[in-house]
1. For region 119-145, enumerate the residues that are within 18 Å of Arg58 (Cα to Cα), in a helix (DSSP H, G or I) and either open to solvent by less than 50 Å² (accessible area, probe 1.4 Å) or acidic (Asp, Glu) (or both).
2. For region 42-84, how many residues meet the condition of being farther than 15 Å from Ile124 by Cβ, open to solvent by 40 Å² or more (accessible area, probe 1.4 Å) and in contact with a Phe, Trp or Tyr (Cβ under 9 Å, 6 or more places away or on another chain)?
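The values are calculated or read from the model by the stated rules, or taken from the named source; none is laboratory data. Only a predicted model underlies this, so the values are computations on that prediction, with no experimental measurement involved. Here the Cβ is made from the backbone with ideal geometry for all residues, glycine too, and neighbour counts use every protein chain on show. These area figures cover heavy atoms from the full protein model, side chains too; ligands, DNA and RNA do not enter into them. Shrake-Rupley method; radii C 1.70, N 1.55, O 1.52, S 1.80 Å.
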Amino acid sequence: MQNFGNGCVKFWLNVLLKVAEYLGFHIELGIAMSSHSAKRLFLIDGMSHIFRAFYAIRNLSNDRGLPTNAVYGFAAMMRKLIRQYQPDHIAVAFDGREKTFRHEAFEQYKANRTEMPDDLAQQIPYIRKFCEALRIPILEVPRYEADD
(Lines give C-alpha, C1' and ligand atoms only; values in the text may rest on other atoms or scores of the structure.)
Protein backbone atom coordinates (compact mmCIF):
# COMPACT_ATOMS: atom_id res chain seq x y z
CA MET A 1 0.00 0.00 0.00
CA GLN A 2 1.45 3.35 -1.01
CA ASN A 3 1.26 6.51 1.07
CA PHE A 4 -0.08 9.32 -1.11
CA GLY A 5 -0.40 11.89 1.65
CA ASN A 6 3.23 12.90 2.16
CA GLY A 7 3.75 14.40 -1.30
CA CYS A 8 0.36 16.09 -1.20
CA VAL A 9 1.00 17.59 2.21
CA LYS A 10 4.35 19.01 1.08
CA PHE A 11 2.83 20.37 -2.12
CA TRP A 12 -0.09 22.13 -0.40
CA LEU A 13 2.11 23.34 2.43
CA ASN A 14 4.26 25.08 -0.19
CA VAL A 15 1.11 26.55 -1.76
CA LEU A 16 -0.06 27.79 1.64
CA LEU A 17 3.35 29.26 2.39
CA LYS A 18 3.30 31.18 -0.91
CA VAL A 19 -0.25 32.42 -0.26
CA ALA A 20 0.70 33.48 3.27
CA GLU A 21 3.81 35.27 1.98
CA TYR A 22 1.76 37.03 -0.67
CA LEU A 23 -0.70 38.18 2.00
CA GLY A 24 2.12 39.60 4.11
CA PHE A 25 2.33 36.93 6.80
CA HIS A 26 5.59 35.92 8.41
CA ILE A 27 5.97 32.15 8.86
CA GLU A 28 7.92 31.01 11.88
CA LEU A 29 8.07 27.46 13.27
CA GLY A 30 5.02 26.46 11.24
CA ILE A 31 2.85 29.16 12.78
CA ALA A 32 1.49 32.00 10.68
CA MET A 33 2.22 35.31 12.37
CA SER A 34 1.18 38.74 11.19
CA SER A 35 2.02 42.21 12.35
CA HIS A 36 -1.71 42.95 11.97
CA SER A 37 -4.58 41.37 13.84
CA ALA A 38 -5.27 37.73 13.03
CA LYS A 39 -6.71 37.23 9.56
CA ARG A 40 -8.84 34.41 8.23
CA LEU A 41 -7.86 32.47 5.13
CA PHE A 42 -10.40 29.97 3.81
CA LEU A 43 -9.42 27.40 1.17
CA ILE A 44 -12.57 25.73 -0.11
CA ASP A 45 -12.66 22.25 -1.65
CA GLY A 46 -14.76 23.35 -4.60
CA MET A 47 -15.52 19.87 -5.91
CA SER A 48 -16.79 18.71 -2.52
CA HIS A 49 -19.09 21.71 -2.24
CA ILE A 50 -20.28 21.30 -5.83
CA PHE A 51 -21.19 17.63 -5.39
CA ARG A 52 -22.91 18.35 -2.06
CA ALA A 53 -24.96 21.12 -3.67
CA PHE A 54 -25.82 19.00 -6.70
CA TYR A 55 -27.18 16.09 -4.69
CA ALA A 56 -28.82 18.21 -1.96
CA ILE A 57 -30.96 20.23 -4.37
CA ARG A 58 -32.64 18.30 -7.16
CA ASN A 59 -34.67 19.25 -10.23
CA LEU A 60 -33.80 22.94 -10.38
CA SER A 61 -33.29 24.54 -13.79
CA ASN A 62 -33.68 27.85 -15.59
CA ASP A 63 -36.35 28.72 -18.17
CA ARG A 64 -34.21 27.21 -20.96
CA GLY A 65 -33.97 23.88 -19.17
CA LEU A 66 -30.32 24.27 -18.11
CA PRO A 67 -29.81 22.61 -14.70
CA THR A 68 -28.91 25.13 -12.01
CA ASN A 69 -29.15 23.15 -8.77
CA ALA A 70 -25.37 22.88 -8.21
CA VAL A 71 -24.81 26.54 -9.13
CA TYR A 72 -27.55 27.68 -6.77
CA GLY A 73 -26.44 25.39 -3.92
CA PHE A 74 -22.76 26.30 -4.31
CA ALA A 75 -23.59 30.02 -4.34
CA ALA A 76 -25.78 29.64 -1.25
CA MET A 77 -23.03 27.77 0.64
CA MET A 78 -20.41 30.36 -0.31
CA ARG A 79 -22.73 33.22 0.64
CA LYS A 80 -23.40 31.66 4.05
CA LEU A 81 -19.70 30.98 4.65
CA ILE A 82 -18.73 34.56 3.73
CA ARG A 83 -21.50 36.12 5.82
CA GLN A 84 -20.98 33.90 8.84
CA TYR A 85 -17.17 33.83 9.02
CA GLN A 86 -16.21 37.01 7.14
CA PRO A 87 -12.88 35.67 5.84
CA ASP A 88 -10.19 38.17 4.97
CA HIS A 89 -9.03 35.93 2.13
CA ILE A 90 -10.72 33.07 0.35
CA ALA A 91 -9.95 30.76 -2.58
CA VAL A 92 -11.67 27.75 -4.15
CA ALA A 93 -9.68 24.66 -5.15
CA PHE A 94 -10.82 22.59 -8.13
CA ASP A 95 -9.62 19.17 -9.24
CA GLY A 96 -7.11 19.23 -12.09
CA ARG A 97 -8.65 18.15 -15.38
CA GLU A 98 -6.26 15.29 -16.06
CA LYS A 99 -5.66 12.07 -14.17
CA THR A 100 -3.81 12.46 -10.89
CA PHE A 101 -0.52 11.00 -9.79
CA ARG A 102 -2.59 8.42 -7.91
CA HIS A 103 -3.87 6.95 -11.18
CA GLU A 104 -0.25 6.27 -12.20
CA ALA A 105 0.58 4.66 -8.87
CA PHE A 106 -2.63 2.66 -8.52
CA GLU A 107 -4.45 1.85 -11.76
CA GLN A 108 -7.67 0.95 -9.92
CA TYR A 109 -7.89 4.39 -8.30
CA LYS A 110 -11.56 5.42 -8.55
CA ALA A 111 -12.20 2.49 -10.92
CA ASN A 112 -15.63 1.91 -9.39
CA ARG A 113 -16.64 5.55 -9.36
CA THR A 114 -19.19 6.61 -11.95
CA GLU A 115 -18.57 9.51 -14.31
CA MET A 116 -19.77 12.96 -13.32
CA PRO A 117 -23.44 13.30 -14.34
CA ASP A 118 -23.91 15.41 -17.47
CA ASP A 119 -26.33 17.76 -15.74
CA LEU A 120 -23.63 18.48 -13.16
CA ALA A 121 -20.78 18.83 -15.68
CA GLN A 122 -22.81 21.48 -17.54
CA GLN A 123 -22.84 23.63 -14.39
CA ILE A 124 -19.11 23.67 -13.63
CA PRO A 125 -18.31 26.58 -16.02
CA TYR A 126 -21.06 28.66 -14.39
CA ILE A 127 -19.71 27.93 -10.92
CA ARG A 128 -16.28 29.07 -12.11
CA LYS A 129 -17.88 32.26 -13.48
CA PHE A 130 -19.59 32.78 -10.13
CA CYS A 131 -16.21 32.60 -8.37
CA GLU A 132 -14.67 34.96 -10.90
CA ALA A 133 -17.56 37.43 -10.51
CA LEU A 134 -16.95 37.53 -6.75
CA ARG A 135 -13.19 37.77 -7.37
CA ILE A 136 -12.62 34.52 -5.52
CA PRO A 137 -9.38 33.01 -6.82
CA ILE A 138 -9.58 29.52 -8.29
CA LEU A 139 -6.75 27.14 -7.46
CA GLU A 140 -6.23 24.26 -9.86
CA VAL A 141 -3.05 22.25 -10.16
CA PRO A 142 -2.48 19.60 -12.86
CA ARG A 143 -2.48 16.02 -11.54
CA TYR A 144 -3.91 17.00 -8.13
CA GLU A 145 -7.39 16.95 -6.67
CA ALA A 146 -8.94 19.82 -4.74
CA ASP A 147 -8.58 18.03 -1.40
CA ASP A 148 -4.91 17.08 -1.80
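1. The answer is Asp119, Leu120, Ala121, Ile124, Ile127.
2. Count: 5.
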